[in-house]
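Undergrad: Below is a structure I'd like to ask you about.
The values are calculated or read from the model by the stated rules, or taken from the named source; none is laboratory data. This structure is a prediction, so every number in the text was calculated from the model and none was measured. Here Cβ is always computed from backbone atoms with ideal geometry, including for glycine, and neighbour counts include all displayed protein chains. Heads up: the accessible areas ignore ligands, DNA and RNA and are worked out on the full protein's heavy atoms, side chains in. Shrake-Rupley method; radii C 1.70, N 1.55, O 1.52, S 1.80 Å.
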Amino acid sequence: MTSQAEPSELPGVTKDDERPLAAPVAEQPPRFTPEGRIGSEGKVLNVFSHGMLVIWGLLVTMPLLWAVMSSLKTDKEIFTSPWGLPSALHFDNWSRAWSKSNIGDFFFNTVLVVGCSLVGTMLLGAMAAYVLARFEFPGKRVLYFMFVGGMSFPIILALVPLFFVMKNMSLLNTFHGLVLVYIAYSLPFTVFFLTSFFKTLPTSVAEAALIDGASHTRTFFQVMLPMAKPGLISVGIFNFLGQWNQYMLPTVLNTDEDKRVLTQGLVQLAASQQYKGDWSALFAGLVLAMLPVLAAYIVFQRQVQTGLTAGALK
């Protein structure tokens, strides 16, 4: 029998030729993954949202900057170059608006009314919200929805009956009457906001205080109220803005010229200007009215954001 020759022994065949040949790999086309599509859409959306924020920021800040520039100009510069920078900084416009235009008197009247009403609103609103959030009693839901319904009631519908109620109680043209109206006007939103906030606070701390012998009043003022500080600051800022800029209520309920608030004084000053008045003093008074609002938000900006997101984070 003859033996079969090995491949390496065949003439013209080497050992390298004995290796198996790899199959040719076809070139695959690039795949379009959903991750890439989502990433590109996210970038486009991010650019679009930032662009809209920039536009919105310009729409808000440009009128403020224009008012500040106009308050530092002369009356001639306001009409001849309304969009130009002032040739010199005329801070005497501010002093003239404060003294001669009685902006200072209107300012102090507003501080008195808003300060008292803000304290009363926060105290009564926090107490009512704490009871609605922590205790169970008959008629709780009815009382809560009455506060909520107060937010949807237009204030203009209540002006006529409110006027006669204030007149019968001898509260017209008085600071304390205006304070009571401001408190009643701001309570629905305050109770609605703080009720949801008190529900997010842990009950174990209040229970521990009650076990240690603290009364409900002491537990509220010394334990729960400090824990609700972010929410109190947030709703306090909103109440301050609403009460500081309130115009309709004092116009109807406060007609005494010596007790007018800042919004009434600015409208009176603007109405007396016509086309030949002291326009630089008018813009100076407008800036003086805006400064407390801007200062309050700048100082408490972080607390407002914390209070608005505390409920979601907890």
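Undergrad: In contact (Cβ under 8 Å) with a residue 40 or more places away in the chain, crowded, with 17+ Cβ neighbours inside 10 Å, among the aromatic types (Phe, Trp, Tyr) and closer than 30 Å to PHE192 by Cα - does that describe any residue in the stretch 88-103?
TA: no
Undergrad: Which residue out of LEU45, LEU112, LEU123, LEU65 is within 30 Å of GLU207 (Cβ to Cβ), open to solvent by 70 Å² or more (accessible area, probe 1.4 Å) and aliphatic (A, V, I, L, M)?
TA: LEU123
Undergrad: Working only within the stretch 180-200, note down all residues that are surrounded by fewer than 20 Cβ atoms within 10 Å (Cβ to Cβ) and over 19 Å from the mean Cα position of the chain (by Cα).
TA: Within the stretch 180-200, LEU180, ALA184, LYS199, THR200 meet the criteria.
Undergrad: What pairs can you find where one residue is in the stretch 156-169 and in the same structural domain as LEU253 (by the TED database) and touching a residue at least 60 places away in the same chain (Cβ under 8 Å), the other is of a type in the set (A, V, I, L, M, F, W, C) and not in a helix (DSSP H, G or I), and their Cβ atoms are less than 8 Å apart, with a gap of 6+ or different chains?
TA: The qualifying pairs are PHE163/LEU172; MET166/LEU172.
Undergrad: Could you list, ordered by first residue, the pairs with Cβ atoms under 6 Å in which the first is in the stretch 254-269 and closer than 12 Å to ALA289 by Cα and in the same structural domain as VAL111 (by the TED database) and the second is acidic (Asp, Glu) and open to solvent by 60 Å² or more (accessible area, probe 1.4 Å), at least 6 apart or interchain?
TA: The qualifying pairs do not exist here.
Undergrad: Read through the list (1) over 24 Å from LEU232 (Cα atoms); (2) in contact (Cβ under 8 Å) with a residue 24 or more places away in the chain, then give the number of the only condition that MET151 fails.
TA: Of (1) over 24 Å from LEU232 (Cα atoms); (2) in contact (Cβ under 8 Å) with a residue 24 or more places away in the chain, only one is false for MET151: (1).
Undergrad: If you don't mind, another one. Anything in the stretch 126-147 that is open to solvent by less than 30 Å² (accessible area, probe 1.4 Å) and either outside the structural domain of GLN246 (by the TED database) or of a type in the set (Phe, Trp, Tyr) (or both)? List them, or say none.
TA: TYR130
Undergrad: Given the structure, is SER71 modelled with pLDDT of 50 or more and outside the structural domain of LEU288 (by the TED database)?
TA: yes
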